[in-house]
1. Per Stokes-Einstein, at 20 °C and 1.002 mPa s, what whole-number D in µm² s⁻¹ belongs to region A:364-440, with the Kirkwood radius over Cα pairs as the hydrodynamic radius?
2. Skipping prolines and chain starts, which residues have an amide H placed within reach, meaning under 5 Å, of the one on A:Val225, given they are 5 or more residues away or on another chain?
3. How many Å² of accessible surface get buried when A and B come together, counting both sides, probe radius 1.4 Å, rounded to the nearest 100?
4. When every alpha-carbon pair in region A:303-456 is counted, what percent end up more than 19 Å apart?
5. Compare each residue of region A:214-236 in its chain alone against the assembly with all protein chains, and report those whose accessible area goes down by 50 Å² or more; 1.4 Å probe, heavy atoms.
6. Under 11 Å from the Cβ of A:Glu283, count the other residues' Cβ atoms, weight Lys and Arg +1, Asp and Glu -1, and hand me the total.
7. Rounded, prolate or oblate: which one fits region A:54-134, using the alpha carbon gyration tensor with axes a ≥ b ≥ c (rounded when a/c is under 1.5, else prolate when a/b beats b/c, else oblate)?
8. Put a dot 7 Å past each Cα toward the Cβ at A:Asn184 and A:Glu91; how far apart are the dots in nm?
Amino acid sequence: SALLVYKGLNCCESVYSPSSQEHILRQESGLQICMSRSDIISTVEFNHSGELLATGDKGGRVVIFQQETENKSQPQCRSEYNVYSTFQSHEPEFDYLKSLEIEEKINKIRWLPQKNAAQFLLSTNDKTIKLWKISERDKRPEGYNLKEEDGRYRDAATITTLRVPVFRPMDLMVEASPRRVFVNGHTYHINSISVNSDNETYLSADDLRINLWHLEITDRSFNVVDIKPANMEELTEVITAAEFHPHQCNTFVYSSSKGTIRLCDMRASALCDKHSKLFEEPEDPSNRSFFSEIISSISDVKFSHNGRYMMTRDYLSVKIWDLNMENRPVETYQVHEYLRSKLCSLYENDCIFDKFECCWNGNDSVVMTGSYNNFFRMLDRSQRRDVTLEASRESCKARQVLKPRRVCAGGKRKKDEISVDSLDFNKKILHTAWHPQENIIAVATTNNLYIFQEKVN
Amino acid sequence: MFSKGTKRKFSDGDEEISDESLVGARVASSYSLQRQSLLDMSLIKLQLCHMLVEPNLCRSVLIANTVRQIQEEMTHDGSWHMVTEAFCGPGQSPSERLVATEVLCRSREQDAEPKLFSVISYEGCREEEVVADETLCSVSVSDTVSNVCLAGRVGQCWEKSELSGVERDEEALEDSRLGSGEDEEIDTEDGASTESPKTTGQVFGTFEIKNGSPGPDSALEELFSDVDTSYYDLDTMLTGMQSAPKMGPYDLLDSLAPSHSSPSIVSTPTCRSDLNELDHIMEIIVGS
């Protein structure tokens, strides 16, 4: 069925150019786009229509791609995503008080719903959130009365008539400008931002606190969750992710490093330290090890589009929770169970701390998450099927249909299978995104962005 | 990094063992070796995170919780307070070997959760206790504390040097303890490990106990007879760490459930006076 058949759409890959000694981002369609540096992609997010796809990277840059369909009247026609705008969102900073550098790496990007011609997005690094306005300019005023075309002022003596400028078409220019900068809200590292359905407020979460902001107000934020203990020695749990409910503007959830999710209702009290609901699955005693807690730590939480479910990602699995049932998830999917016997090695090389994200498709029937060796997994909830695919140059270049991959956990390795010990743990897919309406997915490997579209026969 | 082409794990060949008792003994001692190496690894990770610009708080918390978990289990086992190593050469008899314990020095109530630990940094042979807390990793002004590792208190140090003819005698564990308040003895018999004498190659980072000490007093004397401040430095530890992965089946550790020995009363671990002083000084600095 359609789930299993994805073909490469186009990919933007990072290529080192010895002549310019730069990393440039190149699209397979042949168009070369030069950037100063192409860095490790740290976040990927479609906007609400899916027309725009934003990526943030470790160098503090945001690159936005725009969908261009060959033939707009035919919905399943091949689309391409081409670079639309590039801007430097965050710069590295130095905290003089603590003698610590603040990384410019973009941790998250979240789009605001579109209200007018311009697009708005929030981007955040560890400490500072910025609201960016991305607008198009395709006309410019020409024929000023007092100025020449190049901006120099005309000699006043030569001006004899009144001339009113008129707008004339020009080449499309996309401008990004920072409209708000939300600073000093967080002592710890920001891991999540989430725009509220009221389109006026948003939350930002760090390791120990969650703040509520108004999009118009930058000098104040309201703290809604604070789990910092009085004595830091007693700290055993941190916040790992947070998100607003897609429809209920009073509800948000946050996940923890102990594998719990707390749902909070802002109507109940101003400070949501006490949760309304606590979602936690009892531990399986047969699987207990010293790594149990670490692998239970939730790296991402996402509400379904319909708002009835939420999905959590921990190290080895994806869980779907019904918001009405707190004691266990309704569905659990193993992402890469074959890693369970390798946990000690993965602890040693720190891979066990990798934070994988997860995402829903438009109608909440399929979920997707990344793995190692540039593999990513699609889990079909309705058909109870799953597939492992690989994001690689080969799959993109030839516009090939993606071939399902299999990992051999032990025993005899079949043809076309790859053994666990051959997996490359440096090639991890942490960030994936799904177009809100179409079956187009964006998958970020370390340096490259792959965009795949469903192939319909 | 765990890149392509790594060797298959030891456990791949484990299935052929037929002698169950041998398996049991091997598993048990292996388990405690693995546990120890996991503890070592975790403490190194916590140490190293001090050196980073701004460590990841989530990661630090998870590692610290793992350390705490191991500590608790080792405390129940009766093996926590005797994390020692001999520093002298192979020629010396067991009775002359120093019990160099740098363990939890804080007396605590029975059954109180051993919630405190710390990371010890080593510079050459100098003993130094570094409290892993916010004051170390950042300048904290009032409440604006940077993330960083947790605060902890006491820790331990041990040496990864290989010992010849090391024997681990669970009974001697009891005898060497110093009780400063509580004299209960650990029921060492229900520890997870059995009494298999180890070969030199197998020992990395386990305990070294003197044999046949009759009572706490003489243990105390012996304890302080050879004060040795030459702890292994970080390099040795790291070297030892790197060689550790070859040593045994990590998978074994993963698959074993932590030992749930019957609740045993833990006696207060041994202390050293100069470490107590250092403790005290650090307390003042930390302001706890």
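The values are calculated or read from the model by the stated rules, or taken from the named source; none is laboratory data. A quick note: this is a predicted structure, and the numbers were derived from the prediction, not measured. A quick note on method: Cβ atoms are made from the backbone with ideal geometry, for glycine too, and the neighbour counts reach across all protein chains shown. All accessible areas refer to the heavy atoms of the entire protein, side chains included, with ligands and DNA or RNA removed. Shrake-Rupley method; radii C 1.70, N 1.55, O 1.52, S 1.80 Å.
1. Details: Rh = 13.7 Å.
So the translational diffusion coefficient is about 156 µm²/s.
2. Here A:Ile210, A:Cys272 satisfy the definition.
3. Details: alone 22490 and 14390 Å², together 32320 Å².
By this definition, chains A and B bury close to 4600 Å².
4. Details: 6456 of 11781 pairs.
Summing the P(r) tail past 19 Å for region A:303-456 gives 55 percent.
5. Buried by the other chains: A:Met232, A:Glu233, A:Leu235.
6. Working: positive: A:Lys258, A:Arg288; negative: A:Glu280, A:Glu281, A:Asp284, A:Glu293.
Spelling it out: positives minus negatives among the neighbours equals -2.
7. Details: a/c = 3.87, a/b = 2.47, b/c = 1.56.
Because a/c hits 1.5 or more and a/b exceeds b/c, region A:54-134 counts as prolate.
8. 1.9 nm
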